[in-house]
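Here is the structure we will look at, set down as structure tokens.
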Amino acid sequence: MSEVTLNSTLKKSKKKTKQKEIKEKEKQERARKAELESSKIVEVTEEEAEAIKAQQENVTTATEKPAVKETVENDTKDKSGEESDDEDSKGKIKPNCGNGADLPNYSWTQTLEEIELRLPFKVNFPVRGRDVICEVERKHIKVGLKGHPPIINCATPKEVKTEETYWTIDDRKTLILTVEKVNKMEWWSQLVTSDPEINTKKVNPENSKLSDLDGETRGMVEKMMFDQQQKQMGKPTSDEQKKQDMLQKFMKQHPEMDFSKAKFS
């Protein structure tokens, strides 16, 4: 091969190599542009950046406001309920383990059916039945020793069944009086109206003898206790829940009806 032919071949080879490098470079440039477009990176001015930031803050605030409002309303409601309970409980004492009170001269306990009074006589002689004055009327109790001022002589806050009243002397020094309530669906806050009141909201229902009640009375008492607990927690009572369930069932049975503007009491 002549020298002229060899030089011509080398030139052609270098030209092809250069063209190939140019094409490869263009290809890489196109790929780079496509990558930038897909990532959507856009350069903005400082004014545009501030406007975007302000818009995002407005969206965030609008999203968070309902939650804040709901929290404030719930807190206000809870505090209002607590304050209401505190108002009702002012000046009242906590019940003893028998849902009654331990007072300086006597103590008393209760179930939903009856009340038991335990009164120790502070004398230096053994007490007999004939020494005791114990008179129970429908709304009045008088207890003491003959020849001494009565220890209890006051009206009761509720009515009792005088025909279901009995008393005994324990260990010749303590009178034990049992009276049956007329209304077996409520807790007494006092034995007599001169006593300090107990907080009946802190009464422990487990100490009441629900098992001793007949079926109908027990059902009424359990319903009353359930409704009382529901009200304290701000939840619907058994009757209100029953109405809500009936309403939900009716709405499911009639999907073609529009209840969005209906008002229910």
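Each reported figure results from applying straightforward, stated rules to the coordinates on display, with no laboratory input. In this text, all values refer to a predicted model and were calculated from it rather than measured experimentally. Cβ sites come from the backbone with ideal geometry, for glycine too, and all protein chains shown count toward neighbours.
Full extension of the chain between K20 and F250 yields a length gain of 74.9 nm, computed as 0.36 nm times the residue separation minus the alpha carbon distance.
Taking every Cα-Cα distance in region 83-212 and sorting them into 5 Å bins from zero, the calculated P(r) comes out as 2, 10, 20, 22, 19, 14, 7, 4, 1, 0, 0 percent.
In a fully extended conformation the segment linking D171 and F226 would gain 15.7 nm over its present Cα-Cα distance, using 0.36 nm per residue.
Ranked by the mean number of other Cβ atoms within 10 Å of their residues, highest first, the peptides 20-33, 127-140, 234-247, 96-109 fall in the order 96-109, 127-140, 234-247, 20-33. The H140 and K243 beta-carbon pair, evaluated with R₀ = 51 Å, returns a calculated FRET efficiency of approximately 0.75. When peptides 252-259, 166-173, 191-198 are ranked by their average number of other Cβ atoms within 10 Å per residue, the highest-first order is 191-198, 166-173, 252-259.
For E114, the residues whose amide H sits under 5 Å from its own are K181, ignoring neighbours fewer than 5 places away on the same chain, with H placed 1.01 Å from N. Residues whose amide H comes within less than 5 Å of that of T174, counting only those at least five positions distant or on another chain, are F121 (H built at 1.01 Å from N in the peptide plane).
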